[in-house]
Amino acid sequence: MSDLGKIDRETFDDVIYPNLGAPRADVSVGPRHGVDFGVLDIGERAIVVATDPISILPELGWERAGRLALEIVLTDVAVSGVAPTHLAINLTLPPAWSDENLEALWTGLADHAERLGVSIVSGHTARYPGIDSSWVGGATVLGVGDHDDIVRPDGATPGDDIVVTTGPGAEVTGLFSTLFPERLGLDPETVATAQERVEDIAAVEDARAAFAAGGVTAMHDATEGGIAGGLVEMAGGAGVRFDIDGDAVPVAPGVAAVCDAVGVDPWQVSSAGTLLCAVEAGRGAAVAEVIRDGGTPAAVVGSVTDGEGVFVDGDRLSAPESDPAWAEFERFSEG
């Protein structure tokens, strides 16, 4: 069976990238490995476009599940430096989900969209047979802005500071402790602390705050493959070297205990909500401070230099071939 999660680089390069439909002059950024958004040039305005699956986990509570699902899909545009403004959403629901369930998740999603200034402009909502998982559709997000505002994940330059928010493994920690609290073999207090990490999935306002603080040259979210995968993609895309002080990277409470119990390296697993930023030299501390003022841990953890690769405390960091959390999720789900 193929690995779960995103397809690998070779498959992307061989199957997806050579077959992108009709070429158009208004596509200024198209699909690229490690870049989660595209850009259209419409009347000299930039339209940033990103699409993602929708996952709704009822165990989180229906309204919160809707809100957090929205955060994940909006973040791919927010890391571009352009605020997400419009949303088209498709919900293909399991037949067992009631109208009351739908009302609750939609309330959480739509209220959060309103708070973030995002308008829902199109959609499709239906129940279909054969759907029995949390993956219940997809969404496309648009952000309308200026081309000069766009920040790409491959924009880091030598001399830049590196800022990391939230830290590794927070998403996996929050989800495993919420979905499988009895199976982790941890004391109730540790599990309760770990469950708080679900709220760390939110990153849209952190991305907006980082951009507004100024000096951000590259920004990426640490989803599949975690901060290891994200940092390696950023350095490789820019053709530079990242030197990271491992002790400077923030680690949220509960992460170490849950990741150890699950048997995964927190640096290699998805941590939606964690931002990886390159910032002009000397301006990283100000960006980190603004993010901390909003309630999210953040720190300057290293610098960008000439060279290639990512090095943590002098040792080369490699990206995982696939996110190890997928296999563990399957194992825990099977009981």
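The values are calculated or read from the model by the stated rules, or taken from the named source; none is laboratory data. Predicted model, so just to flag it, every value in this text is computed and none were measured. In this analysis, Cβ positions are derived from the backbone assuming ideal geometry, glycine residues included, and neighbour counts consider all displayed protein chains.
Sub-9 Å Cβ pairs linking a first residue in the stretch 71-87 that is on the phi > 0 side of the Ramachandran plot to a second residue that is surrounded by fewer than 24 Cβ atoms within 10 Å (Cβ to Cβ) and small (Gly, Ala, Ser), at least 6 apart or interchain, are Gly81/Gly145, ordered by first then second residue.
Of all the residues that make up the stretch 94-118, how many are over 16 Å from Gly138 (Cα atoms), of a type outside the set (S, T, N, Q) and in a helix (DSSP H, G or I)? Lay out the reasoning, then the answer.
Filtering the stretch 94-118 for residues over 16 Å from Gly138 (Cα atoms) gives 95-101, 103-104, 107-108, 111-112, 114-118.
Next, only the ones that are of a type outside the set (S, T, N, Q) stay: 95-97, 99-100, 103-104, 108, 111-112, 114-118.
Filter again for in a helix (DSSP H, G or I), leaving 99-100, 103-104, 108, 111-112, 114-115.
Matching residues across the stretch 94-118 total 9.
When Val48 is tested against (1) modelled with pLDDT under 95; (2) touching a Phe, Trp or Tyr at 6+ places or on another chain (Cβ under 9 Å), just one condition goes unmet, and that condition is (1).
Taking interchain pairs and intrachain pairs at least six residues apart, which have beta carbon atoms under 6 angstrom, with the first residue in the stretch 1-20 and on the phi < 0 side of the Ramachandran plot and the second in a loop (DSSP other than H, G, I, E, B)? So the pair list comes out as Asp3/Ser322; Lys6/Glu224; Arg9/His33; Phe12/His33. Just one of the listed residues (Leu93, Leu105, Leu175, Leu142) is more than 30 Å from Val304 (Cα to Cα), without any contact (Cβ under 8 Å) to a residue 60 or more places away in the chain and either surrounded by 19 or more Cβ atoms within 10 Å (Cβ to Cβ) or among the β-branched types (Val, Ile, Thr) (or both), and it is Leu105.
Test of understanding: among Ala278, Ala248, Ala194, Ala235, which residue is modelled with pLDDT of 95 or more, among the hydrophobic types (A, V, I, L, M, F, W, C), assigned by TED's automatic domain parsing to the domain that holds Arg316 and surrounded by fewer than 24 Cβ atoms within 10 Å (Cβ to Cβ)? Just one listed residue meets the conditions, Ala248. With respect to the stated conditions, Ile72 fails to be under 25 Å from Leu276 (Cα atoms) and in a loop (DSSP other than H, G, I, E, B). Residue count for the stretch 316-325 satisfying the condition of being crowded, with 16+ Cβ neighbours inside 10 Å and touching a Gly at 6+ places or on another chain (Cβ under 6 Å): 4. For Leu186, only one of the following conditions fails: (1) within 17 Å of Asp323 (Cβ to Cβ); (2) part of a loop (DSSP other than H, G, I, E, B). What is its number? Exception for Leu186: condition (1).
Can you confirm whether Pro320 is touching a residue at least 12 places away in the same chain (Cβ under 8 Å) and over 22 Å from Val151 (Cβ atoms)? Considered against the rule, which asks whether it is touching a residue at least 12 places away in the same chain (Cβ under 8 Å) and over 22 Å from Val151 (Cβ atoms), Pro320 comes out as yes. Restricting the stretch 21-36 to residues that are among the hydrophobic types (A, V, I, L, M, F, W, C) and without any contact (Cβ under 8 Å) to a residue 60 or more places away in the chain, which is farthest from Ser322 (Cα to Cα)? Among them, the one singled out is Ala25. As a summary of the residue check, Asp13 satisfies the conditions (1) closer than 26 Å to Ala235 by Cβ; (2) within 20 Å of the chain's Cα centre (by Cα); (3) surrounded by fewer than 20 Cβ atoms within 10 Å (Cβ to Cβ) except for the one numbered (2). For the stretch 118-139, does any single residue satisfy the condition of being surrounded by 14 or more Cβ atoms within 10 Å (Cβ to Cβ), out of contact with any Leu (no Cβ under 8 Å at 6 or more places or on another chain) and at pLDDT 95 or above? So far as the stretch 118-139 goes, yes, one or more of its residues are surrounded by 14 or more Cβ atoms within 10 Å (Cβ to Cβ), out of contact with any Leu (no Cβ under 8 Å at 6 or more places or on another chain) and at pLDDT 95 or above. Residues in the stretch 148-172 that are exposed (fewer than 15 other Cβ atoms within 10 Å of the Cβ) and modelled with pLDDT of 95 or more: Pro158 alone. Scanning the stretch 59-90 for residues that are buried (at least 23 other Cβ atoms within 10 Å of the Cβ) and among the polar types (S, T, N, Q) yields a total of 2. Taking the criterion of being in contact with a strand residue (DSSP E or B) (Cβ under 8 Å, 6 or more places away or on another chain) and either small (Gly, Ala, Ser) or closer than 18 Å to Asp132 by Cβ (or both), the residues of the stretch 55-74 that qualify are Ser55, Ile56, Ala69. Checked against (1) part of a loop (DSSP other than H, G, I, E, B); (2) surrounded by fewer than 21 Cβ atoms within 10 Å (Cβ to Cβ); (3) touching a strand residue (DSSP E or B) at 6+ places or on another chain (Cβ under 7 Å), Asp265 passes all but a single condition, namely (3).
Residue count for the stretch 212-232 under the criterion of being of a type in the set (Val, Ile, Thr) and either surrounded by fewer than 18 Cβ atoms within 10 Å (Cβ to Cβ) or assigned to a helix (DSSP H, G or I) (or both): the result is 2. Among the residues of the stretch 117-166, those that are farther than 30 Å from Ser303 by Cα, under 17 Å from the mean Cα position of the chain (by Cα) and not β-branched (Val, Ile, Thr) comprise Trp135, Gly138, Ala139, Leu142.
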